[in-house]
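Just below is one structure, and these are the notes that go with it.
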């Protein structure tokens, strides 16, 4: 069983961001989390919108579920129904007919509407494609600096070096440097004299430039040269953008 109640605004904002990378994705449900996942192949990036049970008005899940769905279709359905006065919806998975029931609630007492998008069952994704985060070191920049970085990187793949006092991005045209002394970034877990190197490409620009978080958090992952960007969406949800260092 999988069912949850949530305001339209809470999901609409995230699906608008996700569909700027890919119109289609999958969802995975667990007792303690619901995840929408999309991906792209060039550059390789896996993005997940992770929601805790407290994100929802009500969340019921008795086992793991995984299925493909259209992010664009969900976004357009939410937007269209909100425009005609609906403000919340209930998502109910029909395991036998491989579809979901979306029941929308309006401000008029008792007014509801149900739509039934179809789903295609899939097997769980390869565990290697799920970021295994190394929280021992990190850096964080505010949304203004992040948007400047996205534009500066453009379509390039850049190399970055992280020390205890600064983060430096390098491409053939120059450097983009943020220091703790100037309060342009927050850095943690780096010992004096240590340096962490990684590479990153922030494409598509319209996807990464649409994040609404006040701060972005960068972490290394346990795979070789993997990088993770976490964009909080309130207290109980996050968008993870994972750039794996290698794939089998």
Query raised in the report: Before we move on, is residue 200 in the same structural domain as residue 152 (by TED's automatic domain parsing) and either at pLDDT below 95 or surrounded by fewer than 18 Cβ atoms within 10 Å (Cβ to Cβ) (or both)?
Result: yes
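Assigned to a loop (DSSP other than H, G, I, E, B) and within 30 Å of residue 55 (Cβ to Cβ): does that describe residue 210?
Yes, satisfied.
Give the stretch 192-207 a look and list any residue that's out of contact with any strand residue (DSSP E or B) (no Cβ under 7 Å at 6 or more places or on another chain) and not in a loop (DSSP other than H, G, I, E, B), or say none. Steps first, answer last, please.
From the stretch 192-207, those out of contact with any strand residue (DSSP E or B) (no Cβ under 7 Å at 6 or more places or on another chain) are 192-194, 201-207; that's our starting set.
Selection gives 205, 206, 207.
Looking at the stretch 1-110, what strands (runs of 3 or more DSSP E) fall wholly within it and have at least 2 residues that are modelled with pLDDT of 95 or more, over 19 Å from the mean Cα position of the chain (by Cα) and more than 29 Å from residue 156 (Cα to Cα)? Even if it seems obvious, please write down each step before you answer.
Details: elements: 2-7, 24-30, 33-41, 44-51, 58-61, 65-70, 86-94, 99-106.
In the stretch 1-110, 2-7, 58-61 are the strands (runs of 3 or more DSSP E) which contain 2 or more residues that are modelled with pLDDT of 95 or more, over 19 Å from the mean Cα position of the chain (by Cα) and more than 29 Å from residue 156 (Cα to Cα).
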So, residue 218, is that one within 23 Å of the chain's Cα centre (by Cα), buried (at least 20 other Cβ atoms within 10 Å of the Cβ) and not in a strand (DSSP E or B) or not? no
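Report yes if residue 234 is on the phi > 0 side of the Ramachandran plot and either within 21 Å of the chain's Cα centre (by Cα) or modelled with pLDDT under 95 (or both), otherwise no.
Values: on the phi > 0 side of the Ramachandran plot: yes; either within 21 Å of the chain's Cα centre (by Cα) or modelled with pLDDT under 95 (or both): yes.
Yes.
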Residue 187: passes all of (1) at pLDDT 95 or above; (2) closer than 30 Å to residue 7 by Cα but (2)
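The values are calculated or read from the model by the stated rules, or taken from the named source; none is laboratory data. As the structure is a computational prediction, the values presented were derived from the model and not from experiment. Please note: Cβ atoms are built from the backbone with ideal geometry, for glycine as well, and neighbour counts cover all protein chains shown.
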